[in-house]
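Reading through the structure tokens given below for one structure.
The values are calculated or read from the model by the stated rules, or taken from the named source; none is laboratory data. None of the values given here were measured: they were computed from a predicted structure. Protein only, heavy atoms only, side chains kept; ligands, DNA and RNA dropped before computing areas. Shrake-Rupley method; radii C 1.70, N 1.55, O 1.52, S 1.80 Å.
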Amino acid sequence: MDLDLPINLSNNSVTSLYEDRSGVFWVGTQNGALNKFIRSSSESFTVYQNDPSNANSLSNNSITSLFEDGSGDFWVGTQGGGLNRQDARTLSFINYVHNPNDPTSISSDFINSIYQDSFGNVWIGTIDGLNLYNELTDSFIHFKHDQNDENTISGNIITTIFEDSKNIIWVGTLNNGLNAYDRDSGEFRRFTHS
């Protein structure tokens, strides 16, 4: 790789990086869209941007998170434009945005994290709760904080998601600690600083 080669990134504010299983390197930027870097003799970027006239384009140019699922679909979280899934076969984007009239839409258009667990479930952390994608119905199940229920998630601003070796889903929040999700009961155990 010739590091002196002039390569134009769509924006200098880089927010997320990801290398997919085929070796393609993805760069998400703030207001500069999604850059796909294919390592070849040309060493160039392909830029995926929002095109308001194309419903199958990226929904927003401010990228926050990137993830490739087990089937090869590529998930892109945005800041204000919801969630995008690039179909591995067609390479077009499917947009998931919050619809206040649809309780099965994603809970927020501000995405912080995307994670796939060992069972193939895709989890999405937003600024308004945790979402579990239901592939069969192409919809979302929401997990939100309820101050009257100590078995709910401790806060709604989800920062990170992880599954440990015992298949426990761990969810980090902004200022509200850590949560362990019990799949059998559907309840959360909270860990906070006192």
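Values for this structure:
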{"read-out": "Interchain or long-range residues, amide H under 5 Å from Asp128's placed H", "value": "Ile158"}
{"read-out": "Gyration tensor (alpha-carbon) shape descriptor, segment 10-109, a/c threshold 1.5", "value": "prolate"}
{"read-out": "Solvent-accessible area per residue for segment 85-176 (1.4 angstrom probe, square angstrom)", "value": "53 Å²"}
{"read-out": "Net lengthening on full extension, Ser40/Lys166 (0.36 nm per residue, minus Cα-Cα)", "value": "41.4 nm"}
{"read-out": "Accessible surface of segment 114-194 [probe 1.4 Å, protein heavy atoms]: carbon and sulfur percent", "value": "47 percent"}
{"read-out": "Among Phe119, Phe143, Phe45, residue whose mean-square fluctuation peaks in a GNM of the chain (springs only between Cα atoms under 10 Å)", "value": "Phe119"}
{"read-out": "Most mobile of Leu66, Leu91, Leu58 in a GNM of the chain (Cα contacts under 10 Å)", "value": "Leu91"}
{"read-out": "Rule-of-thumb Rg ratio for the chain [Cα; 2.2 N^0.38 Å; N residues]", "value": "1.08"}
{"read-out": "Among Asp102, Asp87, Asp182: highest mean-square fluctuation, GNM of the chain, C-alpha pairs under 10 Å", "value": "Asp102"}
